[in-house]
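The values are calculated or read from the model by the stated rules, or taken from the named source; none is laboratory data. This one's a predicted model, so the numbers in the text were calculated from it and none came from an experiment. Quick reminder, even Gly has a Cβ in these numbers, built from the backbone with ideal geometry, and neighbours come from all protein chains shown. Remember, those area values only see protein heavy atoms, side chains included, never the ligands or the DNA or RNA. Shrake-Rupley method; radii C 1.70, N 1.55, O 1.52, S 1.80 Å.
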Amino acid sequence: LQGVHDNYDIDLFQHLIAAIKQQAAAIGGRTDAEGAAYKVIADHLRSSCFLIADGVLPSNEGRGYVLRRIMRRAMRYAHQLGCKEPLMYRLVPSLIKEMADAYPELKRAEATITENLRAEEERFKQTLERGLKLLEEESTKLGKGQKLPGDAAFRLYDTYGFPLDLTQDILRARGIAVDTDGFEKCMEGQREMARAAWSGSGEKAVGKLWFELKEKLGATKFLGYEKTETEAKVIAIVKNSEPVQNANAGDEVYIVLDQTPFYGESGGQIGDTGAFASLATIVDTQKPLEDFIIHKAKLSAPVRIGDKVHAIIDTALRDKTRANHSATHLLHKALRETLGDHVTQKGSYVGPDRLRFDFSHPKAVSKEELATVERKVNEVIRRNTPVECRVMAPDEAIKAGAMALFGEKYGDQVRVLSMGEDGGKTYSTELCGGTHVRATGDIGLFKITSEGSVASGIRRIEAVTGEAVREYFEAQLSVQNAQLQKAIEENERLLAALSKDVKAGVEKLIMPASGLTQEIYETLSSRISDAIQQLLEENKKLSRELAEAKKQQALSAGGEVKPEAIGGIQFIGKIFDGLDPKELRPLAESYRQQADVVALATNVEGKASVVVASNKGNAVALVQAAVAELGGKGGGGKPDVAQGGGPQAEKLENALSIIRQKL
């Protein structure tokens, strides 16, 4: 349609390639390289952005590993272009401009895409630097036509994450090949060690046993969605990883029934516990294979194959577990509403005591965002709408709006859980085989207890529901009461000590009322002077301690200080609210060991102060540029350390940005 015969000649790619050349030139890259580099970057940029928009994040396994390899191939070409800073994230606006009209999810996920591309390219840059150094050491003595030993190429791959094809590309320009046979031999040796470690654990043999039993006995009929107890028949007993015909009181065995109300651990939900009446305590229930449930039993009486048992689950624990499981569905939906559609479940734990929910998100969730999520979940719970379950084909369920989790296996028929109501519409619809509440009100109450990182781009929320929320608040209150009591006791001790000192001081100052002679006056005056001097010394000491406390508080609130690369210069820029301006200079001097240029600022009662320490001899010019932005005048010092300030503290971030621009 456009009169060209190559995908890369159509307007969409030509616009991206033009943007690549423009951005590459801005960060020191070439614009006259062979066309393949620009084509690879444009194509892989597109793939990476769409994958991240769909909730995939770079990792070392599964689809995340595929994404990481795609991203790094493009980043390798950016490195070959000579780009001195990350390139890929700078191209996101150009891609969105080209494609967001047809694919609006790109615009919605722009922040996530940009952040992941930048972080991944910065990590890969470190990989390149470490790997290139080792590669240079290993290949210095090699000449044209020779080969890099396979074990050296493997060490680059295994230790530094340096792909084999990258090693080959770098050496190819010097006419040096890589001993790929030796590399594969090292790879196979690593695989053999992994296989030996796994098979030595005994899991392989046990897995084979369950497979054979299922082949022989067929699937277990699960009745736990409707029933909490049932009569059932013992069809298999496993003791010490071996099938047996019978077992005795006191034995710990696995028992397989023809049907059961016990839920086998799967989908993050732990297995049920309970009892076989007058026969055994069930301490765990597992599902080693699809539709095949095994009960871990401590026997109180003999049992043999063919016996009838009365299976009863612990309903109290089941109720708490299913409340937590239903809460994870509501939490998932609330997170997507609050943080964006890039949020997808990456793992979970659901037990009677708590729930844990892992999800994709590139940064910490703020306190305000957590409060919003918690409020949304509790609002849906309070509406107390029935939870509906339908069984249908997976494709039909997804068309009906159910969320399927990538990597999960679904059979010919799936259970579709719909729960909650918001604005007249169902709040959450997901495919799930777990057990759930009958109405959202059964959850009772929902409370987030923690949020943190578990891996790159993966966050974790832990929470409690129902009665556990009250227990959580009671525990928190108990801790606070203990801290308060300790503080009261400490204050009383200090007050008693102070009263004693004051009393002693007053007694020293009181003189007999026999007339105020010159001698008495001088003595009294001297004692008052001494007492005042002592108070002043104590005041200075307290002031110093208070200043140090404020300093530590400001430094703690400022978080970790790390240098950033700007145009080949290592730069540290940081704002410390409430820090005494006198503390900035020594602090900046200490950070000069980590960076070429350090710019530190503080805001004290609306007044801003800035200090720049530079190994480049440009400290005065940088400070003056910042001071002008802060509404101040001048600013000066020496070429290596300069200081200034201004009345517009609200512009401190802008002032640091101007310093970055100057660099």
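Of note:
- Spatially proximal lysines relative to residue 582 (Cα-Cα < 16 Å; intrachain offsets below 8 disregarded): 550, 551, 574, 607
- Judged by the ratio a/c of the largest to the smallest principal axis of the C-alpha gyration tensor, the stretch 337-458 counts as oblate, that ratio being 1.5 or greater while a/b is no larger than b/c.
- Whole-percent carbon and sulfur share, accessible surface of the chain, 1.4 Å: 50
- Using every pair of distinct Cα positions in the stretch 287-385, the Kirkwood expression returns a hydrodynamic radius of 16.7 angstrom.
- Aspartates and glutamates with Cα under 13 Å of residue 399, excluding same-chain neighbours fewer than 8 positions away: 430
- Taking label positions 7 Å along the Cα-Cβ direction at both residue 660 and residue 239, the computed distance is 6.9 nm, reported to one decimal.
- Extension gain for residue 7-residue 304 works out to 99.9 nm (0.36 nm per residue, less the C-alpha to C-alpha distance).
- For residue 651, a cut-off of 19 angstrom between C-alpha atoms picks up these aspartates and glutamates, skipping any fewer than 8 places away in its own chain: 577, 580, 605, 629.
- Local net charge near residue 186, Cβ-Cβ under 13 Å (Lys/Arg +1, Asp/Glu -1): -4
- Span-like helix ranges in the chain, DSSP H, alpha carbon extent 20 angstrom or more, Kyte mean at least 0.5: 35-53
- The Cβ shell under 14 Å around residue 64 holds other residues with a net charge of +2, Lys and Arg each +1, Asp and Glu each -1.
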